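Shown next, in structure tokens, is the structure this report addresses.
The values are calculated or read from the model by the stated rules, or taken from the named source; none is laboratory data. What you see is a predicted model, and the numbers here were worked out from it, not measured in a lab. Neighbour counts run over all protein chains shown; Cβ positions are idealised from the backbone, glycine included.
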Amino acid sequence: MTDLATERRARVQAAIVQEFLRKAAERGDPYAKILFIPDDPYPLYEEVRARGKLYKSEAGIWTTASHGVANRVLRDKRFGVRRADGTKAPEFMPFDNSMLGLDPPDHTRLRKLTVPSLNPRRLAHWRPHVERFTDELIDDMLAGRNEVNFMRAFAQQLPLRVIGDLVGIPPHHRRTFFRLSRRMAYLLDGVATVELAGDVQAAIREMTVMFHDIIEEHRADPRDDLISELLPAVDDGRLSMEEMVPLCMFLPLAGTETTVNLIGNALKMLLEHPEQREMLTDDPSLAPAVIRETLRHETPVQQYRRIAHTDIELEGQLITAGGELAICAGGANRDPEVYPDPERFDITRDPGPDNLSFSAGIHFCLGAALARMEAEIALAAITTRLPGIRRVGPVRRRGSFIIRGMLQFPVALR
Ligand code: HEM
């Protein structure tokens, strides 16, 4: 089939699915409503829970907003991220070989190779870098206009700089890397138009070429970064080049679009709760509690999916092999069975069981400690150095049912 015919077919199929989902949403199906990106998804997670701990949406997907069920599924080896025969579900992440898109044993092998770059000893190495970047970004903001879009001026910058150094993007590729990362960010938004999907694929192609170049540069001149650490594994056959490039591309995406929004959401919550902001100003050691509560209350990754590899009985229902399950982490984090008065943002609350913002089980986020560290350093520095920071206009949210964050967050610095 020609490219044009394929594109036309994709457009028609997307329109049919969209119309079907719209009707399901109109009939009141809560998961279908979530797919249409409401400004406030939290009441819809309540509706999901009202249908039971596990319910099948008219969208054909099993759905849960129960902390207990989600936690169990994530640790259950009978669920995977691919179908049991190893093929990819079409709407899942298009990074075929990224860790998040693989089941064991390939997943285990890739994860083992990456863990050393993100272990606690390495994190201690990154801390002074994160502190310096944070200070430089605050200096830059103070040297400019008093009113800024916080997302663009700070939140989007810090994680990109950190991950750029960690992965090993050389200075002369940074601008292209930043530009392509922003274009690829739509990948995490789930539902995309055919145009957007085409642009993301073009950005991935460009990024792939760039990473081939960067990897060759590292081969000639090894450095202290992830790419240099992975190269011996390519040479001795533990990692193929077809896996290395998606791995290098996936990390920046996983490490920025999420952390960016954790920083933005944390500042927004603090500005909306001045008494808790004051507590942090008086005692910067409360930064970890601020970040933990932001992750629970307003997690940047609202949902992820699993596929049943075999027939599975769960909560009195039968999920047949191949059935997909949407885990609403944003809802599970506000499950009243686990977190009392879950709608309240309260940095002093008893943390309770781990929230599901970083998932659980074998795909538990590899960058969780790094993300927490970045956000804690950022929030403590902002509260100390910008005591007058305040919101000066309406926020514009990112159009996504997966990533919860802002594109525009106008603040005055003084
Ligand atoms: C606030 C920031 C972050 C959030 C909320 C977040 C969230 C998540 C979630 C929910 C998953 C698992 C999804 C699933 O189970 O299907 C995940 C996986 C992953 N994350 Fe993060 N992440 C964050 C930051 C980072 C950073 C900074 C890095 C890298 C430096 C990173 C690297 C990864 C990797 C490599 C995986 C795949 C792990 C695997 O499949 O075994 N993440 N993240």
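Some points to look at:
- Number of the condition not met by Arg334 [criteria: (1) modelled with pLDDT of 95 or more; (2) within 14 Å of the ligand (Cβ to nearest atom); (3) not acidic (Asp, Glu)]: (2)
- When we screen Thr320, Thr256, Thr281 for residues that are more than 11 Å from the ligand (Cβ to nearest atom), closer than 21 Å to Phe154 by Cβ and among the β-branched types (Val, Ile, Thr), the only hit is Thr281.
- Summed over region 365-384, the residues that are outside any loop (DSSP other than H, G, I, E, B), in contact with a helix residue (DSSP H, G or I) (Cβ under 7 Å, 6 or more places away or on another chain) and within 8 Å of the ligand (Cβ to nearest atom) give a count of 5.
- Within region 357-364, the presence of a residue that is of a type in the set (A, V, I, L, M, F, W, C) and more than 16 Å from the ligand (Cβ to nearest atom) is excluded.
- Residues of region 259-278 that are in contact with a Gly (Cβ under 6 Å, 6 or more places away or on another chain) and more than 9 Å from the ligand (Cβ to nearest atom): Gly264 alone.
- One residue stands out among those in region 314-340 that are in contact (Cβ under 8 Å) with a residue 12 or more places away in the chain and more than 28 Å from Thr258 (Cα to Cα): the one that is surrounded by the most Cβ atoms within 10 Å (Cβ to Cβ), which is Ile319.
- Residues of region 201-259 that are under 21 Å from the mean Cα position of the chain (by Cα) and among the aliphatic types (A, V, I, L, M): Ala203, Ile204, Met207, Leu226, Met244, Val245, Leu247, Met249, Leu251, Leu253, Ala254.
- Evaluating Tyr304 against the criteria (1) at positive phi; (2) within 9 Å of the ligand (Cβ to nearest atom) leaves one unmet condition, (1).
Every residue, every condition in (1) away from the ligand (no atom under 16 Å from the Cβ); (2) farther than 16 Å from Leu325 by Cβ; (3) at pLDDT 95 or above; (4) among the charged types (D, E, K, R), yes or no:
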| residue | (1), (2), (3), (4) |
| --- | --- |
| Asp40 | yes, yes, yes, yes |
| Val48 | yes, no, yes, no |
| Glu58 | yes, no, yes, yes |
| Val73 | no, no, yes, no |
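- You will find that of Ile307, Ile362, the residue that is crowded, with 18+ Cβ neighbours inside 10 Å, of a type in the set (Val, Ile, Thr) and either within 16 Å of Asn71 (Cα to Cα) or within 22 Å of the chain's Cα centre (by Cα) (or both) is Ile307 and no other.
- Qualifying residues in region 282-304 (those that are surrounded by 23 or more Cβ atoms within 10 Å (Cβ to Cβ) and part of a strand (DSSP E or B)) - the one nearest to the chain's Cα centre (by Cα): Val301
- Filtered residues of region 337-356 (kept if among the charged types (D, E, K, R) and away from the ligand (no atom under 16 Å from the Cβ)): Glu337, Asp341, Glu343, Arg344, Asp346, Arg349, Asp350
- Given (1) small (Gly, Ala, Ser); (2) over 21 Å from Phe20 (Cα atoms); (3) away from the ligand (no atom under 15 Å from the Cβ); (4) under 24 Å from the mean Cα position of the chain (by Cα), number of the condition Gly80 does not satisfy: (3)
- In summary, helices (runs of 4 or more DSSP H) completely within region 1-83 and bearing 3 or more residues that are without any contact (Cβ under 8 Å) to a residue 60 or more places away in the chain occur at 3-26, 30-35, 42-50.
- Where a residue in region 156-182 is at pLDDT 85 or above and its partner, wherever it lies, is within 16 Å of the ligand (Cβ to nearest atom) and outside any helix (DSSP H, G or I), with Cβ under 6 Å and at least six apart: Gly168/Asp225; Phe177/Ile169
- Among all positions in region 39-60, there is no residue which is farther than 26 Å from Thr299 by Cα and surrounded by fewer than 17 Cβ atoms within 10 Å (Cβ to Cβ).
- Number of the condition not met by Arg182 [criteria: (1) within 16 Å of the ligand (Cβ to nearest atom); (2) surrounded by 13 or more Cβ atoms within 10 Å (Cβ to Cβ)]: (1)
- Being of a type in the set (Ser, Thr, Tyr) and under 21 Å from Gly52 (Cβ atoms) holds for only one residue in Thr310, Thr320, and it is Thr320.
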